[in-house]
Amino acid sequence: MDTEKLVTLLREGKRILVFTGAGISTGSGIPDFRGPEGVWKKRQPVYYHDFMRSEAARIEHWDYKLEGWPAFRDARPNATHHAVVRLERAGKLLALVTQNIDGLHGRAGTSNEKLIELHGTNTLVECQTCGKLSDPHPHFEFFQRTHHPPLCDCGGFLKPATISFGQNLRNEDLERAQQAAAQADLVLALGSTLSVYPAANIPLLAANRGASYVIINRGPTEHDDLPEVTLRLEGDVLEIFPPAADKALQSSGS
Ligand SMILES: [Zn+2]
């Protein structure tokens with residue numbers, strides 16, 4: 001059985017790198033932006049350089065973020081997020097690299113030292129001038145009331161702390177992810193189509209070095225045909241991964 005192989009790999013893994021995508025958060029009520037009902041079918045994304053140059057673009061971006069805010073605010077972690085926390089508590093998690101901006105890994109209890117949110121997070125707002133981070137709630141209330149994009153005390157533009165189209169990933173995050181990929185003995189890609197780069201390079205870096213590479217996703221991924229893939233499980237991560245992690249942790253006495 002393929003799930004037995006997953007249990008064995010999880011049991012034997014000592015430095016596990018977990019890489020997650022949108023497919024693990026649909027069970028928490030977070031829409032998949034790139035799916036058939038994705039938001040980009042309805043709206044044009046605001047590019048970073050437009051956000052910085054145009055008041056109309058800032059209004060459009062805040063309006064789009066406001067539309068999604070109730071779903072993000074009310075989302076709760078599911079069994080997949082909690083299973084990754086249990087791997088960490090058992091001392092087996094090297095790092096958790098996520099493409100998700102919903103903040104659910106942190107909310108589930110994954111520690112900041114392990115968590116790398118490559119595409120940023122909706123749970124904070126960031127000043128584009130001084131870098132100060134703050135709670136989104138008052139800024140959304142301000143925007144909803146006034147329809148003016150909020151400003152920092154320093155006068156800088158405030159933006160939800162996600163990586164926008166046309167904006168580079170943070171170097172520090174990429175370097176931490178690459179370091180983890182250089183040390184992992186097992187890499188799991190969960191709920192990602194592995195089609196967004198450079199994020200999707202991270203699991204591949206580990207696999208190229210000889211780490212076992214497991215992909216669990218509903219629907220095809222761009223890495224399915226690569227020889228580096230040790231195990232490919234098709235289906236809902238929520239149904240496959242948490243029970244396998246529990247079984248592996250029980251049987252390893254953790
Ligand atoms: Zn500022």
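The values are calculated or read from the model by the stated rules, or taken from the named source; none is laboratory data. Source: prediction; values computed, not measured. Note that we place each Cβ from the backbone using ideal geometry, even for glycine, and neighbour counts take in every protein chain shown. SASA here: full protein model, heavy atoms, side chains in, ligands and nucleic acids out. Shrake-Rupley method; radii C 1.70, N 1.55, O 1.52, S 1.80 Å.
May I ask you to list the residues in the range 133-152 that are assigned to a loop (DSSP other than H, G, I, E, B) and over 22 Å from the mean Cα position of the chain (by Cα)?
Within the range 133-152, His147, His148, Pro149, Pro150, Cys152 qualify.
Every residue, every condition in (1) within 16 Å of the chain's Cα centre (by Cα); (2) part of a loop (DSSP other than H, G, I, E, B); (3) within 16 Å of the ligand (Cβ to nearest atom), yes or no:
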site	(1), (2), (3)
Gly155	no, yes, yes
Pro160	yes, no, yes
Arg176	yes, no, no
Pro198	yes, yes, no
Pro203	yes, no, no
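Kindly evaluate Gln167 against the criterion of being more than 16 Å from the ligand (Cβ to nearest atom), open to solvent by 70 Å² or more (accessible area, probe 1.4 Å) and not small (Gly, Ala, Ser).
Values: more than 16 Å from the ligand (Cβ to nearest atom): yes; open to solvent by 70 Å² or more (accessible area, probe 1.4 Å): no; not small (Gly, Ala, Ser): yes.
No.
Every residue in the range 191-206 that is surrounded by fewer than 24 Cβ atoms within 10 Å (Cβ to Cβ) and under 11 Å from Phe19 (Cβ atoms), please. Walk me through it before giving the result.
Residues of the range 191-206 that are surrounded by fewer than 24 Cβ atoms within 10 Å (Cβ to Cβ), as a first pass: 193-201, 204-205.
Within the range 191-206, Leu194, Ala199, Ala200, Asn201, Leu204, Leu205 qualify.
Return the pair list, or none, for Cβ contacts closer than 9 Å from residues in the range 70-81 that are closer than 15 Å to Thr121 by Cβ to residues that are of a type in the set (D, E, K, R) and open to solvent by 20 Å² or more (accessible area, probe 1.4 Å), at least 6 apart or on different chains.
If the second residue must be of a type in the set (D, E, K, R) and open to solvent by 20 Å² or more (accessible area, probe 1.4 Å), the pairs left are Ala75/Arg107; Pro77/Arg107; His81/Arg107.
Looking at the structure I just gave you, is Glu141 open to solvent by 10 Å² or more (accessible area, probe 1.4 Å) and within 21 Å of Ala95 (Cβ to Cβ)?
On the way: open to solvent by 10 Å² or more (accessible area, probe 1.4 Å): yes; within 21 Å of Ala95 (Cβ to Cβ): no.
Considered against the rule, which asks whether it is open to solvent by 10 Å² or more (accessible area, probe 1.4 Å) and within 21 Å of Ala95 (Cβ to Cβ), Glu141 comes out as no.
Which one of Ala182, Ala161 is under 29 Å from Gly13 (Cβ atoms) and of a type in the set (A, V, I, L, M)?
Ala182
Just give me the residues in the range 125-148 being within 15 Å of the ligand (Cβ to nearest atom), in contact with an Asp or Glu (Cβ under 9 Å, 6 or more places away or on another chain) and of a type outside the set (A, V, I, L, M), in sequence order.
Answer for the range 125-148, where residues must be within 15 Å of the ligand (Cβ to nearest atom), in contact with an Asp or Glu (Cβ under 9 Å, 6 or more places away or on another chain) and of a type outside the set (A, V, I, L, M): Cys127, Cys130, Lys132, Ser134.
Scanning for something within 16 Å of the ligand (Cβ to nearest atom) and either surrounded by fewer than 17 Cβ atoms within 10 Å (Cβ to Cβ) or within 15 Å of the chain's Cα centre (by Cα) (or both), does the range 112-122 turn up at least one residue?
no
Just give me the residues in the range 220-239 being without any contact (Cβ under 8 Å) to a residue 40 or more places away in the chain, assigned to a loop (DSSP other than H, G, I, E, B) and open to solvent by 10 Å² or more (accessible area, probe 1.4 Å), in sequence order.
Scanning the range 220-239 gives Pro220, Thr221, Glu222, Asp224, Asp225, Leu226, Pro227, Glu228, Val229, Gly235.
Determine whether Thr146 is hydroxyl-bearing (Ser, Thr, Tyr), open to solvent by 30 Å² or more (accessible area, probe 1.4 Å) and over 15 Å from Thr20 (Cα atoms).
Yes: the conditions hold for Thr146.
Out of Val46, Val85, which single residue is surrounded by 14 or more Cβ atoms within 10 Å (Cβ to Cβ) and either among the acidic types (Asp, Glu) or farther than 16 Å from Ile163 by Cα (or both)?
Every option except Val85 fails the conditions.
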